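Step one of this worksheet: look at the structure below.
The values are calculated or read from the model by the stated rules, or taken from the named source; none is laboratory data. On a predicted model such as this, the values are computed, not experimentally measured, just so you know. Cβ coordinates were reconstructed from backbone atoms using ideal geometry, including for glycine residues, and neighbour counts include every protein chain displayed. Just so you know, the surface numbers come from the protein's heavy atoms only, side chains and all, with ligands and any DNA or RNA stripped out. Shrake-Rupley method; radii C 1.70, N 1.55, O 1.52, S 1.80 Å.
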Amino acid sequence: MSRLHILRYPDPRLHTIAAPVEEVNESIRSLIADMAETMYAAPGVGLAATQVNVHKQIIVIDASDTRDKLLTLINPEILAAIGVADCEEGCLSVPGIYEKIERAERVVVRARGLDGEHFDVEAEGLLSVCIQHEMDHLKGRVFVEYLSRLKQTRIRAKMQKQQRQSA
Ligand code: K2U
Ligand code: ZN
């Protein structure tokens, strides 16, 4: 396994739309293992393949307190979105920025797992928010794009300054 580089906003590659996974094979499972290692090391609660510059519909999430319950979602689709909730969000691609975003309170998601079989997840709370956040990544959308133009401009400038300082 290896840790992968996480793209930083406003990298244009974060706006790529991910393609469906055709076959859940060893190559996909190896990528998922690397994504999980990268997520745990960050540390983060979730990670989308888009963030590591792989444009396939793959998400890894571990919203457990014990950090030992990895959820893998391949080709996820939302079957139902219920209610409305505001939750503070962050993003490994936008370090140091935390903002309240309005999301569905609960979601029902259908996806393929590591075995390639379909399964459904009913999620609420942090898991629900994270699933919606990660599925946005697969659509090429970063959470800061829900904010005002002024906030987006300030965040973009802050990220570009961080990039210059770490170069
Ligand atoms: O996509 C990512 O960069 C991973 C996010 C997932 C996430 C976003 C919003 C709410 C929960 C999870 C990272 O885990 S950011 C770290 C974090 C965790 C909990 C709450 C806020 C930020
Ligand atoms: Zn994110």
Q: Starting from segment 120-139, take each residue that is under 15 Å from Ala49 (Cβ atoms) and within 15 Å of ligand 2 (Cβ to nearest atom) and list its partners that are part of a helix (DSSP H, G or I) and at pLDDT 95 or above, counting only C-beta distances under 7 angstrom and pairs at least six apart or across chains.
A: His133/Phe143; Asp136/Phe143; His137/Thr50; His137/Gln51; Leu138/Thr50
Q.
Suppose we filter Val108, Val52 for residues that are open to solvent by less than 50 Å² (accessible area, probe 1.4 Å) and more than 16 Å from ligand 1 (Cβ to nearest atom); which single one remains?
A. Val108
Q: Being closer than 18 Å to Leu73 by Cα and either open to solvent by 50 Å² or more (accessible area, probe 1.4 Å) or part of a helix (DSSP H, G or I) (or both) is the filter here, so list the residues in segment 4-24 that pass it.
A: Ile17, Pro20, Glu22, Glu23
Q) Are any residues in segment 50-90 in contact with a His (Cβ under 7 Å, 6 or more places away or on another chain) and among the hydrophobic types (A, V, I, L, M, F, W, C), and if so, which ones? A) Val52
Q | Answer residue from segment 112-126, given it is under 21 Å from Glu89 (Cβ atoms) and of a type in the set (Gly, Ala, Ser) and is most open to solvent (accessible area, probe 1.4 Å) among those | A | Gly125
Q: For segment 43-53, name all the residues that are within 11 Å of Leu138 (Cβ to Cβ) and assigned to a loop (DSSP other than H, G, I, E, B).
A: none
